[in-house]
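To start, the structure under review is shown below, and the notes come after it.
A short reminder: the numbers here are calculations on the coordinates, not readings from a lab. This structure is a prediction, so every number in the text was calculated from the model and none was measured. Cβ coordinates were reconstructed from backbone atoms using ideal geometry, including for glycine residues, and neighbour counts include every protein chain displayed.
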C-alpha cells in the first residue's frame, strides 16, 4: 500500500480543446493512504463562453450562469490537489484542461504527467480486453457506482477503479505486463507507485 494520498479528479467542459474550451464542473475526491475518502471538493464553474457539449453532460449555459469562474476557485483547487497524486480516467484530458485554466489565471502552477495516474491506461493492465471507457468498465466490473458524465459521479467511479487496480496488483492479478495507451505510448503496471505528489 502507498504511504501517500490521492486526488481523484473529473472535469466537465464546454468542448474538447483545452486551448479553446473551458471547465464548467470539477470534482476532486481526496483519498488517504488506505484509499478512504477523507474530503471532496466540487463546484460548477462559469466558463464565460458558450457551452458546446451539453449533449454529453447535460449542463447548459443557464446552469452555470451564477457559478464562480475558475479564477475564483483556483486556490481551492490547488489546495485540494496539493501533496497528492493526480488520478483521473484519461488523465491527460483532465490535466491539460486544469493546466490551461491555471495558465489563464497567471498563477504559474502546472501538473505534469509524472504526477498522474491514469485509470484508463491502467485498466489495460488490470482488466481483460473490452471497453475501457468509464461506463464500459463500470458495467463490466459490476461497480455499484455508475458514471453519469457529471464530475462528482465520474470521480467516484474513478476512485473505485483505483481501489480495484491496487487490490489486483497486491494479489498479482494482471491481465498483461504492459500495454499501449490510445495514443500509442507504453503503459506499465503499478503507475501509482511511480507518480510523484503534486505541490504548488
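Rounded to the nearest 5, the antiparallel percentage of DSSP beta bridges internal to the chain is 75%. In the Gaussian network model of the chain, springs joining C-alpha atoms below 10 Å, which of 78, 118, 176 carries the largest mean-square fluctuation? Largest GNM mean-square fluctuation: 176. Dividing the mean sequence gap of close Cα pairs (under 8 Å, 6+ apart) by how many residues the range 121-200 holds gives a relative contact order of 37 percent. Applying 1/(1 + (r/R0)^6) with r as the Cβ-Cβ distance of residue 140 and residue 170 and R0 = 25 angstrom yields a FRET efficiency of 0.75. Shape class of the range 75-115 from the alpha-carbon gyration tensor: oblate, with a/c at 1.5 or above and b/c at least as large as a/b. The relative contact order of the range 50-141 comes to 24 percent, based on Cα pairs under 8 Å that sit 6 or more residues apart. If you plug the beta carbon distance of residue 72 and residue 188 into 1/(1 + (r/R0)^6) with R0 = 45 Å, you get a FRET efficiency near 0.70. Rounded to the nearest 10 degrees, the angle from helix 151-170 to the longest Cα principal axis of the chain is 20 degrees. Between residue 40 and residue 196, the modelled labels are 3.1 nm apart [label points 7 Å from Cα along Cα→Cβ]. Compared with the dominant Cα axis of the chain, that is its longest principal axis, helix 70-81 is turned about 20°.
So if I take the centroid of the Cα atoms in the range 152-200 and the same for the range 73-123, what is the distance between those two points in Å? A separation of 16 Å, based on Cα centres. Across 187, 87, 157, mean-square fluctuation computed from a Gaussian network of the chain (C-alpha pairs under 10 Å connected) peaks at 187. In terms of its C-alpha gyration tensor, the range 47-131 comes out oblate, because a/c is 1.5 or above while a/b does not outweigh b/c. Report, to the nearest 10°, how far helix 91-104 tilts away from the longest principal axis of the Cα atoms in the chain, using its own Cα long axis and a range of 0 to 90°. Rounded to the nearest ten degrees, it is 30.
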